[in-house]
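Let me begin by presenting the structure, written as structure tokens, before commenting on it.
None of the figures in this text is laboratory data; all of them are computed from the coordinates on show. Everything quoted here is computed from the prediction, not taken from an experiment. Cβ coordinates were reconstructed from backbone atoms using ideal geometry, including for glycine residues, and neighbour counts include every protein chain displayed.
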Amino acid sequence: MKEGKRRPRIAIVGTGKLGSALTLSLRAAGYSISELVSRDRKDSRWRAKALARQVGAAATTFQKAALRADLVWFCVPDREIAKAARLLAGKDWKGKTAVHSSGALTATELAGLRARGAHVTSAHPMMTFVEGSAPALKGVGFAIEGDPLAVQMVTRILQRLGAESFPIDRKDKPLYHAWGTFASPLLTALLATTEQVARRAGISRQEAHRRITPILRQTLVNYASFGAPNAFSGPIVRGDSETVKRHLQALESAPVARKVYAALAQAAIEYLPTKNKARLRRVIERALRR
């Protein structure tokens, strides 16, 4: 179905963090949410019903889903996409659009629905979703691939949300998703590591969280404004190998943090402007051999 004067009706499968944020954004953009489909578990049904009241939708389960929608958006974990599609495969899919939002998997996860007449695609937002937060999707990039008609429909929907879409080759999705994993989950792991180092220096986790937030904010501002090379500061950019050596020695009591430091220092030498590269490499390599 093409989006003309009548905007497509949308059903959401899965009302977790992503599904909830997407549902609220779609409704705010004027889309009719016909149905929210959840698992037949008490907590899932409760969450779906609460969200359904907010957006004027019906809350159903896989067993009772009607799917009287033009587009069905699967917002379930990667390992559940194909299973969810199988559970709903008995519905009328002719002419419908089915989309999932996995970053690592392609539209072929919905191949069973394509065989029943659906146009299928994947559209993954480069955004993080956590409990208690429903980020707006304006300005968020969605990597999209799949059947042309489905890509067209989802692209128009994303435009109305104020989001942006860009094509991704399905063979590149694992690398694309690894990129996103570096940008948020592994960045969070790095921040957790900084808290552990702070504790070694006698600073509590709570205080470390508070003290580090201003520098984090400014680092992101610098990165957004000037790019990585011009946002890079500290002893490595100066080629201060003696300071790096002292850091690595001090981190011997925190072996995981030490490995993280060394790996990131190696990445900095490889990807960012640094002085005294050869000396820095030797200091890091010696430390890793110990």
If I take every Cα pair under 8 Å that is 6 or more residues apart in the chain, average their sequence separation and divide by the length, what percent do I get for the relative contact order?
12
Which entries of K17/K42; K96/K171; K138/K171; K42/K64 have Cα-Cα distances beyond 22 Å here?
K96/K171; K138/K171
Going from the fewest other Cβ atoms within 10 Å to the most, one would list T121, T213 as T213, T121
How big is the range 182-289 in terms of Cα radius of gyration and Dmax, in angstroms?
14.1, 38
In which sequence would F232, F226 go, from the one with the fewest C-beta neighbours within 10 Å to the one with the most?
F226, F232
Dividing the Cα radius of gyration by the Kirkwood radius, what Rg/Rh value follows for the range 50-144?
0.97
Tell me the volume per residue, in Å³, of the convex hull enclosing the alpha carbons of the range 109-239.
167
Where Lys and Arg each count +1 and Asp and Glu each count -1, what net charge lies around P229 among other residues with Cβ under 15 Å from its Cβ?
+2
Based on other C-beta atoms within 10 Å, arrange W73, W179 from fewest to most.
W179, W73
Please find, in a Gaussian network model of the chain (springs between Cα atoms separated by less than 10 Å), the residue of P273, P77, P135 whose mean-square fluctuation is greatest.
P273
What's the whole-number percent of alpha carbon pairs in the range 164-235 lying beyond 15 angstrom?
69
Using 10 Å bins from zero, what percent of all Cα-Cα pairs in the range 10-171 falls into each bin?
11, 45, 38, 6
Between the Cα axis of helix 17-28 and the main Cα principal axis of the chain, the angle (0 to 90°, nearest 10) is 60
What does the net charge come to around A66 if you take all other residues with beta carbon closer than 12 Å to its beta carbon, with K and R at +1 and D and E at -1?
+2
Lys and Arg at +1, Asp and Glu at -1: add these up for the other residues within a Cβ distance under 12 Å of A11 and post the number.
+2
